[in-house]
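Colleague: Right, I'll just put the structure down here and ask away after.
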Amino acid sequence: MKKILVLFILTYGQLVALDKESTLKFYQHIFTAITSAHSVLVYVEDPEYREVFMHADKILLTKRMKDSDVIVLTSKAMLEKVLDQKELHPQKDKKPLLFATDYHILKDSKEVIGAFYWKKGRAQLLFVRSRLKAYGIVLSSEYQKFIIDEL
Amino acid sequence: MREQYFNKFIIFLIILLIGFAVFLQISTEHSTEKLKNEEVLKAEQYVHHIVKLMQLRTHNKLEETLNKNPQLQTRLNEALQAFLTKQYQYIFVLKKDDKGQYRFLLDGAKDAEEYHSLFMPQSTLFDEVYESGKMQIIQQEDEVKNLWLSLVYPIVVNHKTEALLVLDFAKTYGEKLSHFNSPLMFVIRMMQVFLLLSIVLLLFLAYRYFKAREALIKDKLTSTYSKYYLSELFNRDEVSNYYVILIDIDEFKNINKKYGEVFGDKVIILFSKVMLKALSSASKVVRTGGTEFLVLIPKNEGKIETLAHTLFATMQKQKYYYNNEEIYLSISMSAMSTPSNATSIQNIQRVLDEKLLEVKSKGKNALGIIDAKSLEDIDYSNIDYIKEALEKERLLCLYQPIYHTKSKEIVKYEALVRLIDEKNPDKLIAPFYFMDVIKGTSQYIKMSKLVFNHVFSTLQKYPEIKLSLNVDLDDLENEEMMEMIRINLEKHKKIANRLTFEILEEHEIKDYNKVQEIFKQLKAYGSEIALDDFGSGYASYGYLIRLDIDILKIDGTLIKELEENPLRAKEVLQSIKELADKFGYEVVAEFVSDENIYEMVKHLGITYSQGYYLGEPRPINEYIS
């Protein structure tokens with residue numbers, strides 16, 4: 001079922017992100033794919049995202065960056081803040097993973113492994129191959145077409 | 001309008017309305033699609049011009065020129081932006097890089113995408129356009145935000161796709177076009193709803209109609225058909241396809257009287273059940289009266305004789321029980337195979353009725369089958385046939401001579417009416433077939449007028465002859481008929497004294513004074529009055545006392561008795577003769593059918609004789625010549 005849903009969403013770009021439930025399911029798929037965990041600890045500051053993620057089964061919100069598996073970056077300011085924190089408190093397992101909601105955030109930092117955003121009415125999901133490799137992330141075949149070499 | 005045509009018309013009307021509603025919907029949808037297609041075509045033309053402009057400005061080296069000239073990039077972005085209206089959501093130019101990723105070259109948005117930034121079109125059709133170099137229209141799904149259609153136009157240089165110009169139509173514009181004909185569609189939908197409701201209503205009415213029809217054509221007590229079913233059945237089927245049987249329970253009132261009406265009803269219910277069980281499912285049973293049933297059996301089920309006898313035997317041996325008391329019913333039946341030219345069930349019923357009466361008069365509890373020969377002339381008893389014959393004056397009078405018995409000289413002729421067969425003018429139809437059918441109707445008066453015309457024209461043509469004419473006493477009591485007779489007598493008063501009215505009487509006279517008054521009026525013109533069929537039925541001795549008549553015509557059955565019971569018959573006839581002599585009446589013997597009878601009549605001194613031995617009814621000219 002999960003596979004069908006991912007295929008459905010990603011192959012045809014028909015991200016059912018117009019309603020919160022679909023958005024949530026989609027993020028759950030991405031985060032579990034990149035962390036290979038059954039449930040993912042997510043740090044996000046944007047209240048709108050927090051509101052959405054609150055209802056997830058497989059996403060647990062955390063208030064501390066260092067406890068999280070994935071940090072969702074919704075602005076450049078957030079990116080800078082996270083990068084500062086990472087520098088101050090580097091972790092052995094390179095966690096948390098950074099995932100952006102904007103193309104420019106993805107482009108601005110090599111620490112960000114991927115992004116999901118809307119452009120010209122179409123859903124855009126991107127992963128940078130070198131960054132996934134740096135973090136030792138291997139994505140399943142459904143995601144291969146969204147992995148790019150350069151931005 | 002006949003029912004079957006009306007039904008077909010209603011069905012045709014419904015189909016026509018459904019067809020019209022479907023046509024309207026299809027044509028409206030087609031016109032909406034046409035409108036959309038026109039818009040796409042228009043956009044395609046715009047895009048084509050834009051691409052031409054870009055190629056002109058960049059000398060067919062779009063990316064290379066834009067790389068070198070950011071100002072041109074800005075100007076072209078602005079040009080694209082100018083193109084955006086409410087109907088177009090996005091317009092941009094994409095280039096496919098070496099790794100197959102799409103990147104922005106130009107963007108008409110206010111906040112234009114960064115040059116060479118990445119774009120994932122999420123549609124394989126972009127690749128197809130790139131490969132084929134042919135424009136494509138992509139119908140966007142709901143999941144793509146705010147877009148209706150995407151026009152993907154290839155920018156081709158030297159048969160190679162350099163880039164794609166993408167024009168996205170706003171979803172709102174698509175909706176606007178879709179709703180362009182919505183008032184009309186609303187009307188069509190309303191019409192369809194109305195039509196649907198009408199059909200539902202029609203079906204409901206049809207259901208009600210069939211329920212009401214069933215109640216009308218089904219007999220409530222027995223579940224057989226009621227008589228109303230007959231006309232309906234023969235609207236769609238031929239009478240001639242069936243054998244017809246009339247069956248009646250004899251003296252059923254005795255059952256009701258003895259056991260009560262409730263039991264009587266039970267007997268009728270069981271009787272009809274047994275009858276239905278004995279018949280095939282294709283047969284029909286119609287309750288035409290309280291205990292009278294008309295049975296219609298398809299002719300392909302066997303011979304009428306076999307079928308009728310089987311049914312009669314089944315019905316006859318059926319027992320009915322009242323408190324362990326066994327009851328058998330007496331049943332009278334008449335049956336016939338309808339002739340191939342039969343058109344009316346009423347005529348068939350009439351013939352069967354007559355046969356049933358005959359069966360009953362012979363002692364009841366029997367079956368009478370009408371032979372095919374007697375049915376050949378069944379049409380002659382059809383009122384429409386008679387009506388048409390009278391309208392076309394297919395009628396004539398034959399004349400039977402009345403002889404002076406001793407001298408054997410013709411003294412008078414009796415006029416006898418005949419109808420002429422429609423197909424065979426040589427065939428004449430006797431009154432037996434039609435007289436009872438038209439009696440009491442306007443056709444009877446019409447026929448009487450024609451007969452009077454015949455008789456008077458014969459009297460005029462042959463001044464030396466006398467004629468007699470049969471008139472029913474009922475006719476003389478009918479104002480219209482009497483008026484017609486008076487007019488004729490007045491018109492021909494010079495020859496009216498050569499006419500004798502032979503009065504036929506079918507029931508007892510109640511008002512002798514009135515009849516005597518009528519006779520007086522007839523005699524005033526010199527006409528004579530003969531009492532027909534004296535000695536039988538109601539033509540009794542009482543008439544001799546109370547009525548002023550001139551001639552007695554002795555009933556033919558009495559004359560016939562001269563052969564069977566000559567001694568007694570002679571005595572009776574002798575007494576009539578003596579009585580007539582005393583009253584001064586002339587006497588005529590009818591039915592003188594052979595020489596023996598003639599001699600006896602002569603010996604009895606009966607003045608006048610009439611019968612086949614002396615002369616058959618023939619056209620008058622055959623006797624005069």
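Colleague: For the range B:524-625, list log₁₀ I(q)/I(0) at each q in 0.24 Å⁻¹, using the Debye formula over Cα point scatterers of equal strength and ignoring solvent, two decimals each.
Modeller: Relative scattering, expressed as log10 I(q)/I(0), comes to -1.30.
Colleague: What size of dipole, in debye to the nearest 20, comes out for the protein assembly as shown about its Cα centre when the only charges are +1 on Lys and Arg C-beta atoms and -1 on Asp and Glu C-beta atoms?
Modeller: So the dipole magnitude of the protein assembly as shown works out to roughly 3940 debye.
Colleague: Do any residues of the range B:108-153 show a loss of at least 30 square angstrom of accessible area between the isolated chain and the full protein assembly, using a 1.4 Å probe, and if so which?
Modeller: Residues of the range B:108-153 that lose at least 30 Å² of accessible area once the other chains are added: B:GLU113, B:GLU114, B:LEU118, B:PHE119, B:MET120, B:GLN122, B:GLU143, B:VAL144, B:LYS145.
Colleague: Compute the Kirkwood hydrodynamic radius of the range B:1-145, taking the inverse of the mean of 1/r over all pairs of distinct Cα atoms, and give it in Å to one decimal.
Modeller: 19.1 Å
Colleague: Give me a single rounded figure for A:111-121: the average over its residues of other chain Cβ atoms within 10 Å of their Cβ. Could you put the intermediate results ahead of the total?
Modeller: Numbers: counts 0, 0, 0, 0, 0, 0, 0, 2, 11, 18, 13.
That works out to 4 on average.
Colleague: Moving to a separate point now. With a 10 Å radius around each residue's Cβ, average the other Cβ atoms per peptide and rank A:44-51, B:518-525, highest first.
Modeller: Values: A:44-51: 14.4, B:518-525: 16.6.
Packing order, densest peptide first, comes out as B:518-525, A:44-51.
Colleague: Report the FRET efficiency, 1/(1 + (r/R0)^6), for B:LYS494 and B:GLU422, where r is their Cβ-Cβ distance and R0 is 51 Å, rounded to 0.05.
Modeller: Once the sixth-power term is evaluated, E becomes 0.85.
Colleague: What nm value, rounded to one decimal, do you get for the distance between B:SER240 and B:VAL274 when each label is placed 7 Å out toward the C-beta?
Modeller: Taking the two extended label points, one gets 3.6 nm.
Colleague: While we're here: Quick check: at a probe of 1.4 Å, how many percent of the accessible area of the range B:11-114 sits on carbon and sulfur atoms?
Modeller: 58 percent
Colleague: Under the Kirkwood approximation applied to all pairs of distinct alpha-carbon atoms, what is the hydrodynamic radius of the range B:381-624 in Å?
Modeller: Final number for the Kirkwood radius of the range B:381-624 is 18.7 Å.
Colleague: On to the next question. Treating only the Cβ of Lys, Arg, Asp and Glu as charged (+1, +1, -1, -1), what charge dipole size does the range B:225-376 show about its Cα centre? Round to the nearest 20 debye. Please list the in-between numbers first.
Modeller: On the way: 20 positive and 18 negative charges, 55 e Å.
Approximately 260 debye in magnitude.
Colleague: Here's something else I'd like to know. So for the range B:178-288, considering every pair of alpha-carbon atoms, how many percent are separated by more than 20 Å?
Modeller: 62 percent
Colleague: For the range B:225-376, what is the Kirkwood hydrodynamic radius in Å, using each pair of distinct C-alpha atoms?
Modeller: 15.8 Å
Colleague: What number results when the radius of gyration of the protein assembly as shown, computed over Cα atoms, is divided by 2.2 N^0.38 Å?
Modeller: Working it through for the protein assembly as shown, the quotient is 2.02.
Colleague: Could you tell me the ratio Rg/Rh of the range B:91-179? Both radii from Cα atoms, Rh via Kirkwood. It would help to have the intermediate numbers written out before the result.
Modeller: Details: Rg = 13.4 Å, Rh = 13.6 Å.
With Rg and the Kirkwood Rh in hand, the quotient comes to 0.98.
Colleague: Under 16 Å between alpha carbons, and skipping anything fewer than 8 positions from B:LYS277 in its own chain: which aspartates and glutamates qualify?
Modeller: Reachable aspartates and glutamates: B:GLU301.
Colleague: Dipole of the range B:171-296, Cα-centred, from +1 at each Lys and Arg C-beta and -1 at each Asp and Glu C-beta, to the nearest 20 debye?
Modeller: The calculated dipole for the range B:171-296 is roughly 540 debye.
Colleague: At 1.4 Å probe size, put A:LYS94, B:LYS68 in order of accessible surface, largest to smallest.
Modeller: Details: A:LYS94 105, B:LYS68 150 Å².
Solvent-accessible surface, decreasing: B:LYS68, A:LYS94.
Colleague: Which pairs break 27 Å Cα to Cα here: A:LYS86/A:LYS120; B:LYS412/B:LYS494; B:LYS466/B:LYS491; A:LYS25/A:LYS63; B:LYS68/B:LYS145; B:LYS42/B:LYS68?
Modeller: From the list (A:LYS86/A:LYS120; B:LYS412/B:LYS494; B:LYS466/B:LYS491; A:LYS25/A:LYS63; B:LYS68/B:LYS145; B:LYS42/B:LYS68), the Cα-Cα distance tops 27 Å for A:LYS86/A:LYS120; B:LYS68/B:LYS145; B:LYS42/B:LYS68.
Colleague: Taking each residue in B:64-77, count the Cβ atoms of any other chain within 10 Å of its Cβ, then average. What number comes out?
Modeller: 0
Colleague: Sticking with this structure for a sec: What is the helix-to-structure angle for B:182-217, meaning the angle in degrees between its Cα long axis and the longest Cα principal axis of chain B, kept from 0 to 90 and rounded to the nearest 10?
Modeller: That works out to roughly 30 degrees.
Colleague: Starting at 0 and stepping by 20 Å, how many percent of the alpha carbon pairs of chain B end up in each bin?
Modeller: Per 20 Å bin, starting at 0, the Cα pair percentages come out as 14, 25, 20, 10, 12, 11, 7, 1.
Colleague: Just the C-alpha atoms of the range B:547-606: what Rg/Rh do they give, with Rh taken as the Kirkwood radius?
Modeller: That ratio is 0.96, to two decimals.
Colleague: What is the antiparallel percent of DSSP beta bridges lying wholly in chain B, to the nearest 5?
Modeller: 70 percent
Colleague: Here are some pairs, B:LYS408/B:LYS439; B:LYS36/B:LYS160; B:LYS218/B:LYS362; B:LYS257/B:LYS355; B:LYS523/B:LYS582; which of them have Cα atoms lying more than 25 Å apart in this structure?
Modeller: Listed pairs above 25 Å: B:LYS408/B:LYS439; B:LYS36/B:LYS160; B:LYS218/B:LYS362; B:LYS257/B:LYS355.
Colleague: In whole angstrom, how far apart do the alpha carbon centroids of the range B:316-339 and the range B:251-303 sit?
Modeller: Between the Cα centres of the range B:316-339 and the range B:251-303 lies a distance of 9 Å.
Colleague: Under 17 Å between alpha carbons, and skipping anything fewer than 8 positions from B:LYS258 in its own chain: which aspartates and glutamates qualify?
Modeller: Excluding near neighbours in sequence, the set is B:ASP250, B:GLU325, B:GLU326.
Colleague: Counting only protein heavy atoms and using a 1.4 Å probe, what share of the accessible area of the range B:225-376 belongs to carbon plus sulfur, as a whole percent?
Modeller: Of all accessible area on the range B:225-376, carbon and sulfur atoms account for 49 percent.
Colleague: Here's a follow-up. Using the heavy atoms of the protein chains and a 1.4 angstrom probe, tell me the accessible area per residue for chain B in square angstrom.
Modeller: 54 Å²
Colleague: Give me the accessible area buried between chains B and A, both sides summed, with a 1.4 Å probe, in Å² rounded to the nearest 100.
Modeller: Approximately 2200 Å², summed over both chains.
Colleague: Show the residues, 5+ positions off or on another chain, whose built amide H is closer than 5 Å to the amide H of B:LEU531.
Modeller: The answer is B:ILE503, B:ASP550, B:ILE551, B:LEU552, B:LYS553.
Colleague: How much of the accessible area of the range B:424-551, probe 1.4 Å, is carbon plus sulfur, in whole percent?
Modeller: The nonpolar share, carbon plus sulfur, comes to 50 percent.
Colleague: For A:ILE59, list long-range residues whose amide hydrogen, built 1.01 Å from N in the peptide plane, is under 5 Å from its own amide hydrogen.
Modeller: A:VAL40
Colleague: Which percentage, to the nearest 5, of the DSSP beta bridges contained in the range B:381-624 is antiparallel?
Modeller: Close to 40 percent.
Colleague: Assuming R0 = 30 Å, what is the FRET efficiency of B:LYS110 and B:MET190, from their Cβ-Cβ distance, to the nearest 0.05?
Modeller: Plugging the Cβ-Cβ distance into 1/(1 + (r/R0)^6) gives 0.10.
Colleague: Another question about this same structure. Please list log₁₀ I(q)/I(0) at q = 0.12 Å⁻¹ for the range B:34-108, using the Debye equation with identical point scatterers on the alpha-carbon positions.
Modeller: The Debye formula, applied to the Cα set alone, gives -0.37.
Colleague: If you count the DSSP beta bridges with both ends in the protein assembly as shown, what percent of them are antiparallel, to the nearest 5?
Modeller: Working: 70 of 112 bridges.
For the protein assembly as shown, the DSSP antiparallel bridge percentage is about 60.
Colleague: Using only the alpha carbons of the range B:323-365, what is the convex hull's orientation-averaged projected area in square nanometres? Present the calculation step by step, with values, prior to reporting the outcome.
Modeller: Details: hull surface 17.8 nm².
The directionally averaged projection comes out at 4.4 nm².
Colleague: Students often forget the sequence filter, so: which aspartates and glutamates lie under 15 Å Cα-Cα from B:LYS303 once same-chain residues fewer than 8 apart are removed?
Modeller: Output for B:LYS303: B:ASP371.
The values are calculated or read from the model by the stated rules, or taken from the named source; none is laboratory data. Just so it is clear, the model here is predicted, and its values are computed rather than measured. With ideal geometry, Cβ positions are generated from the backbone for all residues, glycine too; neighbour counts draw on all protein chains shown. Ligands, DNA and RNA are stripped out before the accessible areas are found, and what is left, the full protein with its side chains, is counted by its heavy atoms. Shrake-Rupley method; radii C 1.70, N 1.55, O 1.52, S 1.80 Å.
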